[in-house]
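Undergrad: I'd like to ask you about the structure that follows.
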Amino acid sequence: MAATLKDIIEKAAAVIVERGHVVAFSGAGISSESGIPTFRDRGGLWDRFEAGSSGGIVGVIASYPEQAADILEELLITLRNAVPNPGHFALAELEQLGLLDAVITQNIDNLHRDAGNTRVHELHGNIYRLRCLACGKKGFRKREEFLAEFDRLIHVMRSKRISDIFSLMPSCECGGMLRPDFVSFGEPVQELHDSVNAAERCRVMLVLGTSGVVYPAAAIPGRARDAGAQIIEINPQKSALTRTAHYYLQGQSGIVLPKLVEEVIKKLP
Ligand code: APR
């Protein structure tokens with residue numbers, strides 16, 4: 001008889017308690033229950049705007065200039081309303097229990113930090129951090145400040161005074177232009193060295209809400225497995241990484257992850 005989800009959660013929890021040193025590897029799926037659309041699911045951003053699958057949000061704006069303001073406005077509304085969900089908080093609890101060493105995320109929404117995780121490697125950057133195009137200096141923007149600037153930018157885009165957009169972009173002390181520090185397609189990912197190190201040192205990797213199709217990020221669970229980690233995947237549907245998982249928990253991370261952490265707590269000595 002096939003093992004039930006409850007049985008697999010039970011086994012995965014025992015592995016976490018026995019081994020410790022967990023690292024989480026997350027994708028857009030963990031934020032979908034916070035209202036942020038994924039990319040490749042039906043109705044996801046790249047499902048709706050095909051140009052995004054190769055050019056990211058910059059490619060979408062370049063390919064659909066007439067819809068750019070509407071697309072950005074939709075993104076602004078989702079970001080403004082997004083708060084961490086029970087899946088994010090479950091990871092923060094694992095860190096507080098001393099079982100989670102780090103989160104490696106492909107997401108740029110800052111929700112892991114908002115939930116309370118302190119060691120977060122953001123491979124694709126962070127939309128609330130700004131980077132100077134001239135001197136490279138980086139700095140976090142207050143979320144509300146960032147969202148207000150984003151709002152003004154959309155207003156200018158609607159009024160078609162595109163030339164004004166550059167005057168709206170914040171500038172660095174050096175005079176250079178600042179841009180949100182997320183990684184566009186074709187740009188190098190960030191914190192890859194630290195992320196691979198964390199993956200190779202961990203004893204358990206939680207693979208949460210990712211289709212596992214974008215490299216080099218998608219190579220990280222394989223590096224953990226090759227280094228001897230047990231891989232536990234949580235996803236409502238199988239992904240390109242499911243074949244590397246020792247345990248596959250089928251379901252939404254906002255529902256399954258809290259159950260897994262609850263089981264871990266029951267098993268703690
Ligand atoms: N809980 C867990 N997983 C979920 C949930 C949920 N509630 N909802 C959807 N998923 C899963 C989907 O089944 C899918 O496997 O999340 C995954 C989302 O996959 P993608 O949309 O491809 O997102 P991701 O894997 O993070 O994409 C990687 O691609 O375009 C780039 O920069 C972008 O960081 C992104 C990268």
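No value in this document is a laboratory result; all are computed from the given coordinates. If you're wondering where the values come from, they're calculated on a predicted model, not measured in any experiment. We place every Cβ from the backbone using ideal geometry, glycine too, and count neighbours over all the protein chains shown.
Undergrad: Please list the non-local residues whose amide H lies under 5 Å from the amide H of residue 140, H modeled 1.01 Å from N, same-chain partners needing a gap of 5 or more.
TA: 130
Undergrad: Could you calculate the FRET efficiency of residue 200 with residue 119 from 1/(1 + (r/R0)^6), where r is the beta carbon distance between them and R0 is 22 Å, rounded to 0.05?
TA: Values: r = 15 Å, r/R0 = 0.70.
FRET efficiency, residue 200 to residue 119: 0.90.
Undergrad: Take the chain, compute every pairwise Cα distance, and split them into 10 Å bins from 0; I just need the percent in each bin.
TA: So the P(r) values, bin by bin, are 7, 29, 34, 19, 9, 2, 0.
Undergrad: Still on this model: What full-extension length gain, to one decimal in nm, is calculated for residue 58 and residue 2 as 0.36 nm per residue of separation minus the Cα-Cα distance? Don't skip to the end; give the middle numbers.
TA: Numbers: separation 56, 0.36 × 56 = 20.16 nm, distance 4.50 nm.
So the chain would gain 15.7 nm between residue 58 and residue 2.
Undergrad: Also: Using only Cα atoms, find the angle between the long axis of helix 253-267 and the longest principal axis of the chain, and express it within 0 to 90 degrees, rounded to the nearest 10.
TA: For 253-267 against the chain, the angle is about 40 degrees.
Undergrad: What is the ratio of the Cα radius of gyration of region 144-201 to 2.2 N^0.38 Å, where N is its residue count, to two decimals?
TA: Details: Rg = 16.5 Å, N = 58, 2.2 N^0.38 = 10.3 Å.
Compactness ratio reported: 1.60.
Undergrad: Separate question: Using Cα atoms only, what is the angle between the long axis of helix 192-201 and the major principal axis of the chain, expressed in degrees (0 to 90) to the nearest 10?
TA: 10
Undergrad: Then there is this: For the chain, give the share of DSSP beta bridges that are antiparallel, in percent and rounded to the nearest 5; count only bridges with both residues there. Don't skip to the answer; put the middle values down first.
TA: Working: 9 of 31 bridges.
Of the beta bridges lying entirely in the chain, close to 30 percent run antiparallel.
Undergrad: Residue 212: net charge of surrounding residues, Cβ under 15 Å, Lys/Arg +1, Asp/Glu -1, itself excluded? Present the calculation step by step, with values, prior to reporting the outcome.
TA: On the way: positive: 40, 223, 225, 238, 243; negative: 41, 233.
Summing Lys and Arg as +1 and Asp and Glu as -1 gives +3.
Undergrad: Counting only other residues whose beta carbon sits under 13 Å from that of residue 245, what net charge do I get with K and R as +1, D and E as -1?
TA: Details: positive: 11, 225, 238, 243; negative: 233.
Net of charged neighbours comes to +3.
Undergrad: Using only the Cα atoms, work out Rg/Rh for region 172-269, with Rh taken as the Kirkwood radius, to two decimals. Intermediate values should be presented prior to the final figure.
TA: Details: Rg = 16.9 Å, Rh = 15.4 Å.
Dividing the radius of gyration by the Kirkwood radius yields 1.09.
Undergrad: Write down Rg/Rh for region 46-103, rounded to two decimals, with Rg from the C-alpha atoms and Rh from the Kirkwood relation over Cα pairs. Present the calculation step by step, with values, prior to reporting the outcome.
TA: Numbers: Rg = 16.9 Å, Rh = 13.9 Å.
When Rh is taken as the Kirkwood radius, the ratio is 1.22.
Undergrad: Please give the Cα centre distance for region 34-109 versus region 161-220, rounded to the nearest Å.
TA: When both Cα centres are located, 12 Å separates them.
Undergrad: Between residue 193 and residue 138, how high is the FRET efficiency from 1/(1 + (r/R0)^6) when r is the Cβ-Cβ distance and R₀ = 25 Å? Nearest 0.05. Don't skip to the end; give the middle numbers.
TA: Values: r = 17 Å, r/R0 = 0.68.
After rounding, the FRET efficiency stands at 0.90.
Undergrad: A further question follows. Choose one answer from 190, 106, 67: the residue with the largest mean-square fluctuation in a GNM of the chain with alpha-carbon springs under 10 Å.
TA: Checking each option, the largest mean-square fluctuation is seen for 67.
Undergrad: Right, here's the next one. Just the Cα atoms of region 45-167, one point each, no solvent: what log10 I(q)/I(0) does Debye give at q = 0.13, 0.17, 0.22 Å⁻¹?
TA: -0.65, -1.04, -1.39
Undergrad: Hey, what angle do you get for helix 5-19 against the long axis of the chain, alpha-carbon based, 0 to 90 degrees rounded to 10?
TA: Long axis of 5-19 versus the principal axis of the chain: about 90 degrees.
Undergrad: Using Cα springs under 10 Å in a Gaussian network model of the chain, which residue among 176, 20, 251 shows the largest mean-square fluctuation?
TA: Taking springs between Cα atoms under 10 Å, the residue moving most is 176.
Undergrad: A further question follows. Springs between alpha-carbon atoms under 10 Å, Gaussian network over the chain: tell me which of 26, 167, 253 tops the mean-square fluctuations.
TA: 167
Undergrad: Under 17 Å between alpha carbons, and skipping anything fewer than 8 positions from residue 142 in its own chain: which aspartates and glutamates qualify?
TA: Here the aspartates and glutamates satisfying the reach criterion relative to residue 142 are 109, 114, 151, 181.
Undergrad: Another question, if that's okay. Taking the alpha-carbon distance from residue 266 and a cut-off under 19 Å, which aspartates and glutamates remain once sequence neighbours fewer than 8 residues away in the same chain are dropped?
TA: Leaving aside aspartates and glutamates fewer than 8 places away in the same chain, those within reach of residue 266 are 7, 10, 18, 93, 95.
Undergrad: With 25 Å as the limit, write out which pairs from 238/267; 138/238; 6/267; 238/259; 11/238 have Cα-Cα distances beyond it, or answer none.
TA: Details: 238/267 28 Å; 138/238 37 Å; 6/267 14 Å; 238/259 20 Å; 11/238 19 Å.
Correct reply: 238/267; 138/238.
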